[in-house]
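K.L.:
Please find one structure pasted underneath; my questions will follow.
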Amino acid sequence: MTPDDLRAGLLGHPKWDWLVAAEAHVRADPDAVATLFARAERTLGRDPLPGRPQWTSGRAGRALLLVALARTPDRVDRITTVYTQGDTAERIAVLQALPMLPIGAAAAPLLHDALRTNDARLVAAALGPYAAHLDQPSWRQGVVKCVFMGIPLDAVDRLDERADAGLAAMLAALAEERTAAGRAVPDDALALLHRLTESAS
């Protein structure tokens, strides 16, 4: 997903002119981003973008406001402030926007924060494409947390590419623990464990 993809999905929106003006406002006055970011979902709504069900109009607008900060020297600090001061919906929007922003791994602490929560929506958002900046142990813990919380593993970006023997061992231990307790193991976790076991044999 790119900013141009989001703009294409929003083109023709009744509040398109508001978004264009808001982006220009943020570029001219980065201090305005927090207020406009909070207002974006109320203004643009929550309808899914055509062909992009994981993005709503409001979430896409919020992402584009963060993109408008791209040339601001302290953009990482500003993005962090938007995240830490935001509600859950705002934090999810920040996490989804991170792969589009020219910040490298600088916002990885936000992923760690989201993975420490017990909110399935934040955990899933933290394991999107920007999770490429998580070290392998943290990433494995995130995947296991998905299984523990019942979050479908298709939320995890590059799952099969990054899954390794360390993750297999953690999944096997969790499956054994759950089976002993008479609790079900999610089918997608068992399927992943099977793939990892097969590839190792």
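K.L.:
Please tell me if Thr117 is surrounded by 14 or more Cβ atoms within 10 Å (Cβ to Cβ), in a helix (DSSP H, G or I) and hydroxyl-bearing (Ser, Thr, Tyr).
P.N.:
no
K.L.:
Given the conditions (1) outside any loop (DSSP other than H, G, I, E, B); (2) over 18 Å from the mean Cα position of the chain (by Cα); (3) touching a residue at least 12 places away in the same chain (Cβ under 8 Å), which single one is not true for His13?
P.N.:
(1)
K.L.:
A follow-up question, please. Which one is nearest to Leu95 (Cα to Cα) among residues in the stretch 32-66 that are β-branched (Val, Ile, Thr) and surrounded by 14 or more Cβ atoms within 10 Å (Cβ to Cβ)?
P.N.:
Thr56
K.L.:
Now a separate question. Residues Ala163, Ala63: which one is more than 30 Å from Leu196 (Cα to Cα) and among the aliphatic types (A, V, I, L, M)?
P.N.:
Within the list Ala163, Ala63, the selection yields Ala63.
K.L.:
I would also like to ask the following. Which members of the stretch 172-185 meet the condition of being touching a Lys or Arg at 6+ places or on another chain (Cβ under 9 Å) and touching a residue at least 12 places away in the same chain (Cβ under 8 Å)?
P.N.:
Scanning the stretch 172-185 gives a single hit, Val185.
K.L.:
Considering each residue of the stretch 67-106, count those that are polar (S, T, N, Q) and either crowded, with 17+ Cβ neighbours inside 10 Å or in contact with a Cys (Cβ under 7 Å, 6 or more places away or on another chain) (or both), and give that number.
P.N.:
Going through the stretch 67-106 one residue at a time, the tally reaches 2.
K.L.:
Considering every residue within the stretch 100-110, establish whether at least one is on the phi > 0 side of the Ramachandran plot and modelled with pLDDT of 95 or more.
P.N.:
yes
K.L.:
Residue pairs, Cβ under 8 Å, 6 or more apart or interchain, first in the stretch 84-102 and in contact (Cβ under 8 Å) with a residue 12 or more places away in the chain and outside any helix (DSSP H, G or I), second surrounded by 15 or more Cβ atoms within 10 Å (Cβ to Cβ) and of a type in the set (Phe, Trp, Tyr). List them.
P.N.:
From residues that are in contact (Cβ under 8 Å) with a residue 12 or more places away in the chain and outside any helix (DSSP H, G or I), the pairs are Gly86/Phe37.
K.L.:
Does Met149 satisfy the criteria of being farther than 22 Å from Leu110 by Cβ and either modelled with pLDDT of 95 or more or surrounded by fewer than 18 Cβ atoms within 10 Å (Cβ to Cβ) (or both)?
P.N.:
It is false that Met149 is farther than 22 Å from Leu110 by Cβ and either modelled with pLDDT of 95 or more or surrounded by fewer than 18 Cβ atoms within 10 Å (Cβ to Cβ) (or both).
K.L.:
Go over the candidates Thr43, Thr35, Thr80 one by one and state the one that is of a type in the set (Ser, Thr, Tyr), in a helix (DSSP H, G or I) and closer than 19 Å to Gly128 by Cβ.
P.N.:
Of Thr43, Thr35, Thr80, the one residue that is of a type in the set (Ser, Thr, Tyr), in a helix (DSSP H, G or I) and closer than 19 Å to Gly128 by Cβ is Thr80.
The values are calculated or read from the model by the stated rules, or taken from the named source; none is laboratory data. For clarity, every value in this text was computed on a predicted model and none was experimentally measured. Cβ: placed from backbone, ideal geometry, glycine included. Neighbour counts: every protein chain shown.
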